[in-house]
Amino acid sequence: MARQERRSARLVRHALRRVPTSVRGGSVLAAIAFLLIGLLSPIAAVAGDGAATTGRHVLEQAAEVYRNGAMDEAARLLDPLVADPGALDPDAALTARHLRGLVARRRGELELAAAMFRGILAERPDLTRVRLDLAHTLFLLEEDEGARHHFELVRSASGDPVVSQVINGFVREMDKRRRWSASAFVSLAPSSNINQGTSSDVITVAGLPFVIDDSSRAKSGIGLAAGGAIGLRHTLAPDIDLEVDLRGLARRYREDDFNYAKAAASIGPRIHFERGNAALILFAERHWSADEALSFAAGVRAEARVKLAPTLTSTTVANCFATRHDGDWQGIDLTDRDGHACSLDLVLDQALSSDSFARLTIGGEESWSEAPYREYGERMIGIGGYKELPFGITLFAEARARHRQYDLANSLTGTVREDRVLEGDIQVTKRDLEIFGAAPQLRLSVARRHSNIDIYDYTSHGVEVTFTRGF
């Protein structure tokens, strides 16, 4: 524990050396530096307003012995106050809990410290100081996914370059010590339209009505979704890593015709710089549908995450890839769907505070195919937001609109196809309900496609329950 604290202190000192001398003397710098190594007093002042109670007096004593380094005595004074918060006014009770977390961290009781800080943030997610203490504690526990999550929220919301420097030091330290990562999930996946089938019973072609085959109509069901990922990182230079990523996803349903699976692999260098990072990645994907090989895709992806302004971050992703389909999928030759596509997406995240941000997404895609009538251009725009609420609830909501215009008339209907898609997602995380180091997350999704060719209309609703360590 002491060695980890000394390492944290070295990270802070290293960040100080990289900050211009004119900035180093600022009060914000001193605050953030001492904050991250746990040497400041708790979040709220304990001095009273002339009506101090016995509980407040004990809290003042505990704060004093904490500053003097007597952690066991501080814990002895604080435990009754934490157990009986009614002995203090609400602000002082919050201070007692925060101080007890700081004491626990200094004593090496890292799990207890993290639980204390999480409990406070469940009620008061706006307390940036507590969020930093939680991030630092998770860093010491080597729970890097959670530490990154909270460090990133603070870094994005802070307009101070010193805060970013200090947090960047912790992030790079996590990158160095964790050269591989692995994750997996299993969840139920109910959907009102697992095959993205049409809701129409009859379509009109050349003025004649045709009844839609049952297999092409929307099917509801409950599936089982499972997936996993393995990531490897190798240092090529001080600020350049080679990253390898392997991923898999499978969805299984009662009817095999709706089963889907994907395997993906990628490799490429990532360079880190003061305001962000960028990568150039080669990737390949294999898709299966109805338990048969469906397609293979391979291409190149360029991505960059850059802090454009003190509280504004951009993520840009450009993809170009080619797709080849199986020539005998369920007895059907799909090679006329072969082709290639390029896409560009830009995500702008504007931090509003350390517990909230707003998101704007814009993007586009161009697709070319062996069958010219399948070629299209698509444009997309989306808005979203993240907010941590009291009662340990986190909300992330996003809505997107897509417009896809095909180039040539559909061979069946003689009409140039045009689609408009509206999509929405809501994720709800219960961050104060920890199960084996992860918090439960509920995702609700809805999609509605309006097409000028009825058979391509569909509506879908989905629900997924997973667990996340980034909370």
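Yes/no per residue for (1) open to solvent by 50 Å² or more (accessible area, probe 1.4 Å); (2) in a strand (DSSP E or B); (3) of a type in the set (Gly, Ala, Ser); (4) touching a Gly at 6+ places or on another chain (Cβ under 9 Å):
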site: Leu282; (1), (2), (3), (4): yes, yes, no, yes
site: Arg286; (1), (2), (3), (4): yes, yes, no, no
site: Phe296; (1), (2), (3), (4): yes, yes, no, no
site: Val306; (1), (2), (3), (4): no, yes, no, yes
task: Would you check if Pro209 is modelled with pLDDT under 80, open to solvent by 70 Å² or more (accessible area, probe 1.4 Å) and under 26 Å from the mean Cα position of the chain (by Cα)?
output: no
query: Do we have any residue at all in the range 77-96 that's touching a Phe, Trp or Tyr at 6+ places or on another chain (Cβ under 7 Å) and not β-branched (Val, Ile, Thr)?
result: no
message: Out of everything in the range 381-437 that is open to solvent by less than 50 Å² (accessible area, probe 1.4 Å) and touching a residue at least 60 places away in the same chain (Cβ under 8 Å), what residue ends up being farthest from Asp355 (Cα to Cα)?
response: Thr413
- request: Being over 17 Å from the mean Cα position of the chain (by Cα) and not in a strand (DSSP E or B) is the filter; apply it to the range 412-440 and report the residue that is farthest from Ile381 (Cα to Cα).
  value: Phe436
- request: Sort out which residues of the range 343-370 are touching a Pro at 6+ places or on another chain (Cβ under 9 Å) and outside any strand (DSSP E or B), and write them in order of number.
  value: Ser354, Asp355
query: Just checking, how many residues over the range 300-315 are farther than 30 Å from Val162 by Cα and without any contact (Cβ under 8 Å) to a residue 24 or more places away in the chain?
result: 1
message: Please verify whether Asn452 is buried (at least 17 other Cβ atoms within 10 Å of the Cβ), more than 27 Å from Ala225 (Cα to Cα) and among the polar types (S, T, N, Q), treating the condition exactly as stated.
response: no
query: What number of residues within the range 316-342 satisfy the criterion of being open to solvent by 60 Å² or more (accessible area, probe 1.4 Å), without any contact (Cβ under 8 Å) to a residue 24 or more places away in the chain and in a strand (DSSP E or B)?
result: 1
Pairs with Cβ under 8 Å, 6+ apart, first in the range 231-260 and closer than 30 Å to Ser289 by Cβ, second among the acidic types (Asp, Glu) and not in a loop (DSSP other than H, G, I, E, B): Gly231/Glu243; Gly231/Asp245; Leu232/Glu243; Leu232/Asp245
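If you go through the range 384-411, how many residues are farther than 30 Å from Gly470 by Cα and either touching a Leu at 6+ places or on another chain (Cβ under 6 Å) or outside any strand (DSSP E or B) (or both)?
Keep residues of the range 384-411 that are farther than 30 Å from Gly470 by Cα, which gives 403-411.
Applying the additional criterion that residues be either touching a Leu at 6+ places or on another chain (Cβ under 6 Å) or outside any strand (DSSP E or B) (or both) yields 410-411.
Of the residues in the range 384-411, 2 are farther than 30 Å from Gly470 by Cα and either touching a Leu at 6+ places or on another chain (Cβ under 6 Å) or outside any strand (DSSP E or B) (or both).
The values are calculated or read from the model by the stated rules, or taken from the named source; none is laboratory data. No experiment lies behind these values; they were computed from the predicted model shown. Note that each Cβ is placed from the backbone with ideal geometry, even for glycine, and that neighbours are counted across all protein chains shown. Accessible surface areas use protein heavy atoms only, side chains included; no ligands, DNA or RNA. Shrake-Rupley method; radii C 1.70, N 1.55, O 1.52, S 1.80 Å.
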